[in-house]
1. Roughly how much of residue 104 is accessible, in Å² to the nearest 10, using a 1.4 Å probe?
2. What lysines does residue 82 reach when the alpha-carbon gap must be under 16 Å and sequence neighbours fewer than 8 apart in one chain are set aside?
3. If packing is taken as the average count of other Cβ atoms within 10 Å, what order do 278-287, 324-333, 205-214 fall into, highest mean first?
4. Which length gain, in nm to one decimal place, applies between residue 121 and residue 133 when the Cα-Cα distance is subtracted from 0.36 nm times their residue separation?
5. Amide H to amide H, which residues 5 or more places from residue 293 or on other chains are under 5 Å from it, using H placed in the peptide plane?
6. How high is the relative contact order of region 4-80, given as a whole-number percent (alpha carbon pairs under 8 Å, six or more residues apart)?
7. Taking amide H positions as placed in the peptide plane 1.01 Å from N, state which residues far from residue 121 in sequence (5 or more) or on other chains have amide H under 5 Å from it.
8. Can you send over the carbon and sulfur percentage of the accessible area for region 46-195, probe radius 1.4 Å, protein chains only?
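The values are calculated or read from the model by the stated rules, or taken from the named source; none is laboratory data. Only a predicted model underlies this, so the values are computations on that prediction, with no experimental measurement involved. For neighbour counting, all protein chains shown are included, and Cβ atoms are generated from backbone atoms with ideal geometry for every residue, glycine included. With ligands, DNA and RNA removed, areas are computed over all heavy atoms of the protein, side chains included. Shrake-Rupley method; radii C 1.70, N 1.55, O 1.52, S 1.80 Å.
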Amino acid sequence: MAGKAAAPGTAVLLVTANVGSLFDDPENLQKNWLREFYQVVHTHKPHFMALHCQEFGGKNYEASMSHVDKFVKELLSSDAMKEYNRARVYLDENYKSQEHFTALGSFYFLHESLKNIYQFDFKAKKYRKVTGKEIYSDTLESTPMLEKEKFPQDYFPECKWSRKGFIRTRWCIADCAFDLVNIHLFHDASNLVAWETSPSVYSGIRHKALGYVLDRIIDQRFEKVSYFVFGDFNFRLDSKSVVELLEFDKELSVFKDRLYELDISFPPSYPYSEDSRQGEQYMNTRCPAWCDRILMSLSAKELVLRSESEEKVVTYDHIGPNVCMGDHKPVFLAFRMAPGAGKRCPRSDGTLRETSL
């Protein structure tokens, strides 16, 4: 941010990435992935950045542990990230627990110029100032700074070892409180079954799980705030009727009264070839679809579009269009949170008080 005056407001960068491929072929893919990710950071220069990862550690977590540690260390200590002097990392590494394991990884980075950042303690029900860099892993269930749940097994009974679930954190930045939810919804287990009905049976399972999450984050336990839900939704095109692409991207329409998404202008984010020489090639195993998305509550929409009306700085796009990033292309949303845009900010005791929009 040095060298020229920054535009007003707090620059925010939200990124979602299914990174399972990176740990199956770390030598070829991680370097490419990190280079492209750092380029987006350099371009948008966020004050606050959230990276939500799914399938963190790959398909065989136990064999990939050394690669996980290297990846995390690189993100926290690289020259590209040197101006981010505070960080929180939450890694679900408890792969031996079938009841709890989600393979989700949530990274949050705060630029040195950003002052008075608070994170919500869900147990104490108060905000705590964020200082230093901290990594939490293994059993996240005991960490009061987040909520984590794995979806019940009966949501997707044909998949005996599902990792699908969500992690929720809450932040207060520039007098604006909001939730960030890292989510991974159920996939299509069979192409043939997906073709049988419109919408498919798998679409119904995803709707049930997403509805559960949305109800959970606005229940009566905590103050209601704006929220962003981003991750691998595994949304698929309506295979029974598909002829073109976006016209049949229907799954989100069920939640149009609860969730908003900016217009999509990038190609489907999945399934790309995992061959490091074929960065633009789709695999022929699935119909391409926009699985990786950044969605928001209607109040969060106002935060984003308010910044767009003042300065044309809102970008919703994918990362690494010409480079192999694994079978998923990461997707990002960059915007500026206008000064005073938030509804609430913490009192000295860490609770929230009302402010005007």
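1. 0 Å²
2. Cα-Cα hits under 16 Å: 45, 73, 133.
3. 324-333, 205-214, 278-287
4. Stretched fully, the residue 121-residue 133 segment lengthens by 2.7 nm.
5. 231, 233
6. Relative CO of region 4-80 lands at 42 percent.
7. 126, 127, 128
8. Details: 2980 of 6090 Å².
Carbon with sulfur: 49 percent of the solvent-accessible area.
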